[in-house]
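*Asks:* Shown below is the structure under consideration.
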Amino acid sequence: MLGAVIIARFVTWMGGRVTRRIDNRYQQSDDLVRSEATKHRHSVAQVVTWIGIAFVYIIATLKIFDYLSLPIGSLVAPATVLGAALGFGAQRVVQDILAGFFIITERQYGFGDTVQISVTGSSEDAVGTVEDVTLRVTQVRSAAGEVITVPNGQINKAINLSKDWARAVIDVPIPVTADITAVNEILRDVGVAAYNEPRVRELLLDEPTVMGVESLEVDQVSMRIVARTLPGKQFQVGRLLRARIAGALRAKGITVSPQLDTASVVERSEEP
């Protein structure tokens with residue numbers, strides 16, 4: 001038992017050392033975001049550590065049975081009955097482990113990804129940054145600093161907001177009396193100016209694009225501008241563009257609808 005505890009702590013220490021080395025390599029590089037390979041390696045290191053600890057304790061249990069001269073062969077029949085009884089209660093654990101296995105092998109998300117997870121039986125999605133992925137659970141830290149633990153088997157849908165690249169979609173509400181052509185030009189100028197600014201350009205993959213009129217309502221028109229960004233940077237780019245758009249429209253004497261200050265920016269991540 002003492003040897004199992006020591007070995008388990010050693011495995012934990014080695015796993016932490018590997019993950020810290022991966023994190024330090026990223027922090028010492030010039031990359032603004034983690035690469036998909038780095039996130040996957042970090043997640044795999046966490047899973048291997050978890051499996052290693054479980055394996056150590058299983059071997060230790062078998063060794064203890066052998067030391068106590070307990071005939072393992074004679075325990076097969078009772079263990080079968082006990083296993084069938086526990087199977088009904090532990091089926092959710094098996095489901096969690098199988099789901100976690102496919103999450104890791106399919107690279108659905110990894111350490112550092114921004115995700116939105118739909119959980120069975122919960123009316124609210126778990127939204128935040130992935131901090132830990134094992135075969136059984138996924139831990140997500142929300143924007144409020146809360147750590148949300150989600151069993152992998154209860155995940156209905158996982159939306160990865162930071163895979164490969166992301167897109168910030170901003171809907172700008174303007175009065176119906178405004179000149180649509182002039183607003184298009186203003187939005188295009190804002191996009192060009194933002195792309196030429198070094199602080200913003202390093203977050204963008206290409207120049208923001210004005211899509212035109214998105215929707216018509218009785219008292220306002222919604223104009224849309226989209227921007228492809230680095231993974232996970234769509235929130236920051238959306239805030240920067242909203243501030244510039246509001247200032248540019250007000251400078252031209254165009255009254256911005258109050259909804260722009262609280263308008264939602266649709267952020268999503270898509271594979272190219």
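The values are calculated or read from the model by the stated rules, or taken from the named source; none is laboratory data. Here the structure is a predicted model, which is why all the values come from computation and not from measurement. Neighbour counts are summed over all protein chains in view; Cβ atoms, including those assigned to glycine, are modelled from backbone coordinates with ideal geometry.
Listed here are the residues, each with its yes/no results for (1) surrounded by 12 or more Cβ atoms within 10 Å (Cβ to Cβ); (2) touching a helix residue (DSSP H, G or I) at 6+ places or on another chain (Cβ under 6 Å); (3) at pLDDT below 85; (4) not basic (Lys, Arg).
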| position | (1), (2), (3), (4) |
| --- | --- |
| Lys39 | yes, no, yes, no |
| Gly89 | no, no, yes, yes |
| Leu98 | yes, no, no, yes |
| Gln116 | yes, no, no, yes |
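*Asks:* Being in a strand (DSSP E or B) and of a type in the set (A, V, I, L, M) is the filter here; which residues of the stretch 125-139 pass it?
*Replies:* Applying the first criterion (in a strand (DSSP E or B)) to the stretch 125-139 yields 126-133, 137-139.
Residues satisfying the conditions are Ala126, Val127, Val130, Val133, Val137.
*Asks:* Moving on. Only residues that are in contact with a Lys or Arg (Cβ under 9 Å, 6 or more places away or on another chain) and hydrophobic (A, V, I, L, M, F, W, C): list them for the stretch 106-162, please.
*Replies:* Once the filter is applied, which keeps residues that are in contact with a Lys or Arg (Cβ under 9 Å, 6 or more places away or on another chain) and hydrophobic (A, V, I, L, M, F, W, C), the stretch 106-162 yields Phe111, Ile117, Val130, Val147, Ile148, Ile159, Leu161.
*Asks:* Something else about it: Going through Val213, Val218, Val226 one at a time, which residue ends up being assigned to a loop (DSSP other than H, G, I, E, B), more than 10 Å from Val172 (Cβ to Cβ) and of a type in the set (Val, Ile, Thr)?
*Replies:* One residue alone meets the criteria, Val218.
*Asks:* If you take the residues of the stretch 1-35 that are polar (S, T, N, Q) and surrounded by 11 or more Cβ atoms within 10 Å (Cβ to Cβ), which of them is modelled with the highest pLDDT?
*Replies:* Thr12
*Asks:* Looking at Arg242, Arg224, Arg201, can you tell me which residue is under 28 Å from Ser162 (Cβ atoms) and either exposed (fewer than 15 other Cβ atoms within 10 Å of the Cβ) or of a type in the set (Val, Ile, Thr) (or both)?
*Replies:* After ruling out the rest, the residue left standing is Arg201.
*Asks:* Follow-up question, since we're still on this one. Taking the stretch 99-142, which residues are more than 13 Å from Gln46 (Cβ to Cβ) and small (Gly, Ala, Ser)?
*Replies:* Selection gives Ala99, Ser118, Gly121, Ser122, Ser123, Ala126, Gly128, Ser142.
*Asks:* A further question follows. What is the residue count in the stretch 214-244 for residues that are out of contact with any strand residue (DSSP E or B) (no Cβ under 6 Å at 6 or more places or on another chain) and more than 26 Å from Thr114 (Cα to Cα)?
*Replies:* 4
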